Amino acid sequence: MPVDPRIPALLDKGTGVPATHTLPVDMARAQYEARITLMASPAEIASIREQTIDGPGGPLRIRIYTPHGEGPFPLMVFHGSGFVLCSLDTHDGMCRNLCDGAGCVAASVDYRLAPEDKFPAAIEDSLHATRWAAAHAAVLGANPARIVVAGDSAGANIAAVTALRVRDEGGPELCGQLLLYPVTDYHTPGPPSYEKNAEGYGLTRDTMKWFCAHYLNDASEGAHPHASPLRAPDLSGLPPALVITAEYDPLRDEGEFYAEKLRRAGVPTALTRYDGVNHGFMFWVGVVDKAGPR
């Protein structure tokens, strides 16, 4: 179906701004942080607080969102997108909306970014934060028997890999994984959606190459299942998954291939493709209809 007419208007607000892949890392980060004002108004929730824990590479910030109501609530350990860009602040609105909409405590992880800390630093932080959140669920007002890992884009890659590592390396038990337009494979050679949606819809193929070049120590790591979970030889025994993809997204096919591979491995998996929208549409709750109300 045609692109939602609101999306070109939103993308036009970036007209004249240099493409991410043409910028040095510090400028790309600053440019992305400046986009926060373009994102939709977040939901009202009961409370937000931050905590710093001892992480694998030093202090690790976690921002905790609590919904209205009486707990204990389900617990969502959330990872924002980027590998190189993004922060707790860029994903604050998304976490508020997920917290409110799902009625869960959301723990957003400020994982280490590349190129300062390359693969697998972000994965190590995520696994550590997930185990910490599970161990402290009662303090967070959450139920330790109802833990989900979640993320968008690169964060969904990190969530998927965390689910793999939890299965292989011992706990905590997860009851689900929420993967919003996930990165599941390396861009070479890339599926058909990489060609069809290579440019013109926000995220581009060149930007994905830029992310991977900064994130990985070398291209050979793109074949590692902890970088590309689609290449994991065995997906059986993973928690049930909800995979969301977008029609006009270079990553559409690899997300859908991952959902199908999960199904073939016997993992209960729901896949929803949102037609007419692009990568990152969940930032625009209340602006783009398919992103949901607000």
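Normalised per residue, the accessible area of the chain is 41 Å², obtained with a 1.4 Å probe and no contribution from ligands, DNA or RNA.
Just so you know, the averaged projected area of the alpha carbon convex hull for region 171-285 sits at 7.9 nm². In region 48-128, the DSSP beta bridges split such that about 70 percent are antiparallel, to the nearest 5. Hull volume per residue, based on the alpha-carbon atoms of region 204-262 and their convex hull, is 89 Å³. Under the convention that each Lys and Arg Cβ holds +1 and each Asp and Glu Cβ holds -1, the size of the dipole of region 182-253 around its Cα centre is about 40 debye. With the convex hull drawn over the C-alpha atoms of the chain, the volume per residue is 120 Å³. Rolling a 1.4 Å probe over the protein heavy atoms leaves ARG96 with an accessible area of roughly 60 Å².
Can you run the Rg to Rh ratio on region 42-164? Use alpha carbon positions and the Kirkwood inverse-distance Rh. Value, to two decimals: 0.94. If we count every other residue with Cβ under 15 angstrom of ASN217's Cβ, Lys/Arg +1 and Asp/Glu -1, where does the sum land? Value of the local net charge: -3. Computed with a 1.4 Å probe on the full set of protein chains, the accessible area for VAL139 sits at about 110 Å². Positive-end ranking of CYS175, LEU164, PRO192 along the dipole of region 146-201, with charges on Cβ about the Cα centre, is headed by CYS175. Taking only protein heavy atoms and a 1.4 Å probe, the accessible area of the chain is 54% carbon and sulfur. Between the alpha-carbon centres of region 79-119 and region 178-256 there is a gap of 18 Å.
Contact order for the chain, expressed relative to its length and based on alpha carbon pairs under 8 Å spaced 6+ residues apart, stands at 18 percent. When the charge dipole of region 84-234 is built from unit charges on Cβ atoms (+1 for Lys and Arg, -1 for Asp and Glu) and taken about the Cα centre, the candidate among ALA114, GLY103, ALA227 whose Cα reaches farthest toward its positive end is GLY103. Entry note, region 240-294: relative contact order of 38 percent, from Cα contacts under 8 Å with a spacing of 6+ residues. 3J(HN,Hα) along region 194-203, derived from phi through the Karplus expression 6.51 cos²θ - 1.76 cosθ + 1.60 where θ = phi - 60°, amounts to 5, 7, 5, 10, 4, 7, x, 10, x, 5 Hz, with x in place of Gly and Pro. Ordered by 1.4 Å accessible area with all protein chains kept, ARG231, ARG146, ARG29 run largest first as ARG146, ARG231, ARG29.
The values are calculated or read from the model by the stated rules, or taken from the named source; none is laboratory data. Quick caveat, the model's predicted, so the values are computed rather than measured. Using ideal geometry, Cβ is built from the backbone for each residue, glycine included, and neighbour counts are taken over all protein chains shown. Quick note on the areas: whole protein, heavy atoms, side chains included, nothing else; ligands and nucleic acids left out. Shrake-Rupley method; radii C 1.70, N 1.55, O 1.52, S 1.80 Å.
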